[in-house]
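What follows is a set of notes on a single structure, which appears directly below.
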Amino acid sequence: MASKAPITLPSLLPSSYLIAYAVPILVVSLISTFAGAFLTLDRTRSFAPIEKQNDASQKRLSWRYGGGIGGTAGGFLCGVHLSAFLALLISNRTSSSLGPVQFLIIWMLSGVSCAILSSRWRIAASCAYGIIGGGSIATLISIIFLPSLTARLVILAIFTILLLVGILLPHPIVRHSALRTSSAFSGALGIV
């Protein structure tokens, strides 16, 4: 019984769609690599709103940008990488496949929705960076050493848990170090 060839990302997208796929990831990955932690933690000062004596009927909605630009970049990268991974997994495991337009729509919707969540809440931005940073380090180690599938899964679990716990710890030095590592590796994965 002959097995079919695995579906890869270049075979899923024709060359005319590769620019629409590559340019947003490249731009956001460059931001994340060089300034992701700084734009997530250090440039997101949120102050309590000043209470004014206005009429109660004039309440307005406000959007607190808790995750900052770095959180938006991290959420976008997490959403697009996870949706690309799931699309390739589904295409290789089932007989149905996504067309290029459907893939780009799903890819962009998941990226934008994760970016909105990560821009609103700093904890969502930190978790997105922790997940994609752990996956990026595990991917790098798997490419270098080519371990078995079980070892790859263990490496993925170890680095993802270590970075998530490091990012969520209340100690600022550990949090900054883990977020810097995660944002640098997640951006580097997008550049490559």
How large is ³J(HN,Hα), in whole Hz, for each residue of region 30-39 in order, when computed from phi with the Karplus curve 6.51 cos²θ - 1.76 cosθ + 1.60 and θ = phi - 60°, using x for Gly and Pro?
5, 5, 5, 5, 9, 9, x, 5, 4, 6
For the chain, give the percent of accessible area contributed by carbon and sulfur heavy atoms, probe 1.4 Å, rounded to a whole number.
71 percent
Measuring from the longest principal axis of the C-alpha atoms of the chain, the long axis of helix 172-191 (C-alpha) lies at a number of degrees, nearest 10, equal to 40 degrees
Please give the helix 68-93 orientation as an angle from the longest Cα principal axis of the chain, in degrees from 0 to 90, rounded to the nearest 10.
30 degrees
For the chain, report the accessible area per residue in Å² (1.4 Å probe, heavy atoms, rounded to an integer).
62 Å²
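Rounded to two decimals, what is Rg over Rh for region 106-184 when you use alpha-carbon atoms and the Kirkwood radius?
Rg/Rh for region 106-184 comes to 1.03.
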Cα pair distances of the chain binned at 10 Å [whole percent]:
9, 31, 31, 17, 7, 3, 1, 0
Just to check I understand the Karplus step: with θ = phi - 60° and J = 6.51 cos²θ - 1.76 cosθ + 1.60, what whole-Hz values come out for region 23-29, glycine and proline as x?
5, x, 5, 5, 5, 5, 5
Set the Förster radius R0 to 22 Å, insert the Cβ-Cβ distance between Val192 and Leu149 as r into 1/(1 + (r/R0)^6), and round the FRET efficiency to 0.05.
0.55
Spelling it out for Tyr65: with amide H atoms placed in the peptide plane at 1.01 Å from N, the residues 5 or more places away or on another chain with amide H under 5 Å from its amide H are none
Tell me, what is the 1.4 Å probe accessible area of Thr72, in Å² to the nearest 10?
40 Å²
Leaving ligands and nucleic acids out of the surface, order Val174, Val165 by accessible area at 1.4 Å, largest first.
Val165, Val174
Order 14-26, 149-161 from most to least packed using the mean count of other Cβ atoms within 10 Å.
149-161, 14-26
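The values are calculated or read from the model by the stated rules, or taken from the named source; none is laboratory data. The shown structure was predicted, so the numbers you read here are calculated from the model rather than taken from an experiment. Every residue, glycine as well, gets a Cβ built from its backbone with ideal geometry; the counts of neighbours run over all protein chains shown. When the accessible area is computed, the model is the full protein with side chains, heavy atoms only, and any ligands, DNA or RNA have been set aside. Shrake-Rupley method; radii C 1.70, N 1.55, O 1.52, S 1.80 Å.
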